[in-house]
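Only one structure is covered here, and it is reproduced in the block below.
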Amino acid sequence: MMGSNSSSSSSSSSVNGFYNFLTQGLNELHQSFLSHNFISIHFLSQVISSLQSLHSQLTILVRKLRLPIGGKWLDEYMDESSRLWDACHLLKSAISGMENYYSSASNIISSSLDAYHHFTPDLSRQVIRAINVCQREILGMEEENKSLMETRIQALSQCMNQNISMESKLNGFSGFRGVLYAMRSVSSLLLMILLSGIAYCWSSSCFHQEGNMVLGPGFIVSMTMLKQKVAEEIDQIDGHPGILMFEFQQARIAMEELKVELERIAGYDDEAQGDIHEKVDRLKSWFEQLRCGVETIAGQVDDFFDEIVEGRKKLLDMCSHS
């Protein structure tokens, strides 16, 4: 490993730079969270960008540290990147479910709303039946996501709340081991936010702070602030959280509001015709926002897969050519 004081100082500088980068990224996410609707697509997109940036910086740091060729550090890095890869597969599965849902929901509702200029009681009952199908699909999707996550959520939560207090352990591999622990904690938090938004959220319990992590005050404070804010917002949700994505929730609400108006028309209440067009347009608008947003996130997750593969390849090549 590095022997000279100048090399040692350079390592320390590089490691501290990574911690500062980590802290800054968490602070920016916290600010974004405060300035957007709770778990909006915009916020989720920034969370994925942060994950990508962190992974990219970690790969750059390895090259700066000039670690021993093929040492245990490489195994630990590979374990961490494999963990990210597995979690992204879970994300990808949830995104696929969301894509299937909004495409079928949009088709069902659009075909049912062809005679949308005047809703007869019969047409209203037809659209209500289509909405009932969509609502059952939501429940089925959430149950499927819930079972997919049950085996993995505990491991993510443990990594996010791990208590690291052995300084000698953190200083291993010129400080790289500490960086890897920090990365694991932060990436676990970011993945938990993504999965809560896109797949399923049981409650705020997994975001509550447990124990203390001795990795540097800026990093800990920033991570704790973001966790607490997310937990507070989840606690304010009425009923069972489920899929938290703001645009998904708004489409769900808009669908229920349309159904209520249609039920009034189906009951021969002609006065309800006045509000119905606004309700239909609102539902279509939320479905379009959901479609565009989920497509963006799907593309970002694909890019992150590529980034993980590229990072692993770079470090393996670096070790084999040195």
* So residue 37 clears everything in (1) at pLDDT below 90; (2) within 15 Å of the chain's Cα centre (by Cα); (3) part of a helix (DSSP H, G or I) except one condition, right? Which one? -> (3)
* Out of all the residues in the stretch 70-80, is one or more part of a loop (DSSP other than H, G, I, E, B), over 15 Å from the mean Cα position of the chain (by Cα) and not aromatic (Phe, Trp, Tyr)? -> yes
* How many of the residues making up the stretch 119-149 are in contact with a helix residue (DSSP H, G or I) (Cβ under 7 Å, 6 or more places away or on another chain) and under 17 Å from residue 268 (Cα atoms)? -> 7
* To do: Mind listing whichever residues of the stretch 82-96 are surrounded by 19 or more Cβ atoms within 10 Å (Cβ to Cβ) and closer than 11 Å to residue 199 by Cβ?
  => 87, 90, 91, 94, 95
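Every residue, every condition in (1) out of contact with any Gly (no Cβ under 6 Å at 6 or more places or on another chain); (2) within 16 Å of residue 184 (Cβ to Cβ); (3) of a type in the set (A, V, I, L, M), yes or no:
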| site | (1), (2), (3) |
| --- | --- |
| 44 | no, no, yes |
| 58 | yes, yes, yes |
| 65 | yes, no, yes |
| 68 | yes, no, no |
| 76 | yes, yes, no |
| 82 | yes, yes, no |
| 85 | yes, yes, no |
* Taking the stretch 11-60 only, how many residues are among the β-branched types (Val, Ile, Thr) and farther than 29 Å from residue 290 by Cβ? -> 4
* **Tally of residues being more than 18 Å from the chain's Cα centre (by Cα) and over 22 Å from residue 19 (Cβ atoms) across the stretch 40-67** => 0
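The values are calculated or read from the model by the stated rules, or taken from the named source; none is laboratory data. Note that the structure is predicted; figures quoted are calculated from it, not measured. All Cβ positions, glycine included, derive from the backbone under ideal geometry; neighbour counts span all protein chains shown.
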